[in-house]
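Right, one structure below, let's go through it.
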Amino acid sequence: MWTFDLLHHNGRDLRELALIERKARLEVLILAANANWLHYSESFDDGIELLKAADRLNLEGIVSKRRNATYRSGKQCDWIKMKCEAGRAAAIRALPLNAISDRLISSRPDWKG
């Protein structure tokens, strides 16, 4: 499972923090978890090259976010989803941090959620 944002931690709402700060906190937590099935999704500077790489891998696409943006629900201009032409669907789930357990988290390609 790949992680890319941290909205709450230890009872604290982190949505008002910049994405780069939330990701820094998330990276520390993921490294500390030392779970081979849980991965931190790093940031990339070249979105065009990343999209090309995603297309070569037959992925659905990528999501680009502004580094200094706070988190806001709903459609915003702070992030954009770019799809590959021949992509496949992927499920994105929000999970509480205390759900980090291989028994509670799974990735199923047939999930319609």
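Points to keep in mind about this one:
- Under a 5 Å amide H cut-off, with hydrogens placed 1.01 Å from N, HIS9 pairs with LEU14 among residues at least 5 apart or on other chains.
- Simple spin-label estimate for HIS8 and GLU21 in nanometres, 7 Å along Cα-Cβ: 2.0 nm
- Across the range 33-42, coupling constants 3J(HN,Hα) worked out from phi with the 6.51/-1.76/1.60 Karplus curve, θ = phi - 60°, read 5, 6, 10, 5, 9, 10, 10, 8, 8, 6 Hz, and Gly and Pro carry x.
- By the count of neighbouring beta-carbon atoms within 10 Å, fewest first, TYR71, TYR40 end up ordered TYR40, TYR71.
- Here the Karplus curve 6.51 cos²θ - 1.76 cosθ + 1.60, taken at θ = phi - 60°, turns the phi angles of the range 3-10 into couplings of 10, 9, 7, 10, 9, 9, 7, 6 Hz, with x standing for Gly and Pro.
- Qualifying GluC sites (Glu not before Pro) for the range 14-66 [loop in DSSP, other Cβ within 10 Å: at most 11]: GLU16, GLU42
- FRET E, pair ASN68, ASN36, Förster distance 35 Å, beta-carbon r, rounded to 0.05: 0.65
Readers should treat all values here as calculations from the given coordinates under stated rules, not as data from a laboratory. Everything numeric in this text was worked out from a predicted model, so none of it was measured. Positions of Cβ are backbone-derived with ideal geometry, glycine not excepted, and every protein chain shown enters the neighbour counts.
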